[in-house]
Structure formats: structure tokens, C-alpha cells
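In what follows, a single structure is set out as C-alpha cells and then discussed.
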Amino acid sequence: MAGKKRAEMIEETRAKLVRSARKAFSEKGYAAASMDELTAEAGLTRGALYHNFGDKRGLLQAVVDQIDGEMATRARVIGSLAGDGWEGLLAEGVAYIEMALEPEVQRIVLLDGPAVLGDPSQWPSQNSCLQATLDTVTALIAQGIVKPVDAEAAARLLNGAALNAALWVAASDRPQEVLAKAVEAFRTLAGGCWPLPADDRRRSRGARDAAAGTPALPRQWLSRGIPIVWATRWYLTAGFRTMPSSSWSTMPRWISCQGVWEAGAG
């Protein structure tokens with residue numbers, strides 16, 4: 001019982017210091033905020049600050065983690081209202097970028113944070129955001145909504161794009177103008193993960209095969225229901241003479257694309 005009460009007291013002390021520091025860092029900036037003043041505002045001493053956070057930098061880390069976590073939560077709520085998984089993921093990224101206009105976020109998380117704490121991509125709060133994005137991207141790939149790229153690579157690039165866009169907005173003298181550019185570019189870049197419609201994918205595959213010199217199966221064969229073994233013999237003779245040697249291993253895929261399996265079944 002005593003241990004629980006002590007833990008509650010420690011948590012209460014930490015919460016008071018974070019709340020006071022958050023106000024001071026937001027109003028005055030990290031460099032100008034006085035430790036004596038912010039601890040007095042919390043009704044505590046500098047000793048309490050050192051005991052709980054080590055130093056002023058450790059206190060800033062706690063404040064950044066709190067605000068960044070709140071940003072991620074807000075972005076997820078906005079994403080959940082945007083519709084399907086992909087639109088939701090884009091909405092989350094855009095929402096995170098737009099928060100760069102908020103004075104508290106701008107000053108503490110996007111300006112003082114990187115200057116004092118270093119690379120934001122290494123912050124614990126950003127690692128948590130990355131994991132959430134990775135989970136979403138993995139699910140979207142499994143559902144065929146997102147192209148089958150490496151999930152971690154896609155998640156890192158999406159998170160990095162949103163973070164760097166927010167940093168750009170925060171550091172700009174024309175934040176509203178930069179925000180519009182950043183959001184447009186983010187959507188365009190992220191759109192590269194969106195798969196083509198089925199008809200476009202088939203046309204695209206046909207164009208790639210034609211460019212590689214893949215011969216088309218004679219149409220009359222398809223209409224007459226030529227057995228699959230005859231079609232295979234066609235590819236092994238006339239077909240492979242023009243097919244790049246590096247593509248031989250993909251013959252079953254090419255045969256399937258040309259509808260040969262269906263012809264053989266006839």
C-alpha cells in the first residue's frame with residue numbers, strides 16, 4: 001500500500017513538472033525558460049526536477065513525448081473518420097503536417113525539440129508512430145489495397161515525409177503557403193503506393209511484355225481451344241527466340257497472362 005502511494009506521488013510530481021514546463025517552453029521557448037521559475041510554478045524545487053528528469057533537457061524530452069503522443073492520437077482519430085484504410089492513412093499524415101501551424105507544436109516539438117534533442121526520427125514517440133504506420137501498411141498490403149512493397153520501407157518513408165514536411169512548415173516564414181505545397185507533395189508521393197485499377201494493371205503488364213519482345217499467342221489458337229501442351233511448345237520454339245533469357249523463369253506467368261490456361265481447359 002505504501003509503495004503504491006509513493007508511486008502515485010512520484011507520478012503526480014512528474015505530471016506537475018511536465019505541465020509547468022510545457023507552459024514555460026511554449027510561452028518563452030526552451031532556452032529562455034528558467035528552471036527556478038517553472039519549478040516554483042509547479043510548487044516544487046529544482047531538486048525534484050533533477051530527481052525525476054535528470055536535467056532540463058530530460059524535462060524537455062518528457063514534454064516533447066507528451067505532445068508528440070497527443071499529435072499521433074489526434075491524427076489517428078482524424079484518419080479513422082476519413083473512410084477506408086488508405087485514405088485514413090493519408091489523412092493521418094496530412095493532419096500531422098497541419099499541426100505544424102499550432103504555436104505549441106511548432107515551438108516545442110518542431111523547433112526546440114530537434115535543436116536540443118537531435119534527430120526526431122530517433123525519439124521514442126516517433127518510434128511509436130512508426131510502429132502504428134507499419135501495422136497499417138502491412139494490413140493494407142495484405143488486403144491488396146497498397147502495392148506489395150516492403151512494408152517497413154513504405155512506413156518509414158511515409159512517416160519521414162510527414163515529419164519533414166511538418167518541420168519545413170514550422171521553420172518557414174510563410175507557413176500557410178508552405179503547408180499547401182507540403183500537403184500536395186505528400187499526397188502525390190504517397191500516391192505511388194496506391195495500386196492501379198485491375199484493367200490498368202492488365203494493360204500495363206501487356207505493355208511491359210510487348211516492350212520485352214514477348215510474342216503474343218496466335219488468337220486463332222485461343223478460339224479453337226488448342227491444348228496447353230501445344231501452347232507450351234509454341235513458347236519453347238517461336239516464343240523463346242524473342243523472349244529475353246532473363247525472363248525465361250517467368251514463363252508460367254506469361255502463359256497465364258495470355259489466357260493459355262483457359263484455352264487448354266477448353
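The values are calculated or read from the model by the stated rules, or taken from the named source; none is laboratory data. Quantities reported herein were computed from a predicted structural model and do not represent experimental measurements. Cβ placement follows ideal geometry from the backbone for every residue including glycine, while neighbour counts extend to all protein chains displayed. Side chains included, ligands, DNA and RNA excluded: accessible areas come from the protein's heavy atoms. Shrake-Rupley method; radii C 1.70, N 1.55, O 1.52, S 1.80 Å.
Structure summary
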{"item": "So residue 111, is it touching a residue at least 60 places away in the same chain (Cβ under 8 Å), more than 23 Å from residue 56 (Cα to Cα) and open to solvent by 50 Å² or more (accessible area, probe 1.4 Å)", "result": "no"}
{"item": "Selection from the range 1-18 of residues that are touching a helix residue (DSSP H, G or I) at 6+ places or on another chain (Cβ under 9 Å) and either closer than 26 Å to residue 114 by Cα or hydroxyl-bearing (Ser, Thr, Tyr) (or both)", "result": "13, 14, 16, 17, 18"}
{"item": "Checking residue 20 against (1) in contact with a Leu (Cβ under 7 Å, 6 or more places away or on another chain); (2) open to solvent by 20 Å² or more (accessible area, probe 1.4 Å); (3) part of a helix (DSSP H, G or I); (4) not hydrophobic (A, V, I, L, M, F, W, C), the condition it does not meet", "result": "(2)"}
{"item": "Only one of 167, 140 that is in contact with a Gly (Cβ under 6 Å, 6 or more places away or on another chain), part of a helix (DSSP H, G or I), at negative phi and not hydroxyl-bearing (Ser, Thr, Tyr)", "result": "140"}
{"item": "Condition met for residue 30 (more than 20 Å from the chain's Cα centre (by Cα), surrounded by 16 or more Cβ atoms within 10 Å (Cβ to Cβ) and under 28 Å from residue 173 (Cα atoms))", "result": "yes"}
{"item": "Criterion (surrounded by fewer than 16 Cβ atoms within 10 Å (Cβ to Cβ) and either assigned to a helix (DSSP H, G or I) or touching a residue at least 24 places away in the same chain (Cβ under 8 Å) (or both)) met by exactly one of 88, 47, 79", "result": "47"}
{"item": "Hits in the range 91-108 - residues which are surrounded by fewer than 19 Cβ atoms within 10 Å (Cβ to Cβ) and farther than 21 Å from residue 157 by Cβ", "result": "101, 102, 103, 104, 107"}
{"item": "Test: residue in the range 54-66 that is charged (D, E, K, R), open to solvent by 60 Å² or more (accessible area, probe 1.4 Å), in a helix (DSSP H, G or I) and closer than 19 Å to residue 186 by Cα", "result": "no"}
{"item": "Matching option when the condition is open to solvent by less than 40 Å² (accessible area, probe 1.4 Å), under 26 Å from residue 190 (Cα atoms), among the hydroxyl-bearing types (Ser, Thr, Tyr) and within 17 Å of the chain's Cα centre (by Cα), among 73, 133", "result": "133"}
{"item": "Where residue 117 falls short, out of the listed (1) touching a residue at least 60 places away in the same chain (Cβ under 8 Å); (2) in contact with an Asp or Glu (Cβ under 8 Å, 6 or more places away or on another chain)", "result": "(2)"}
{"item": "Subset of the range 119-156 [among the small types (Gly, Ala, Ser) and more than 23 Å from residue 70 (Cα to Cα)]", "result": "139, 142, 144, 151, 153, 154"}
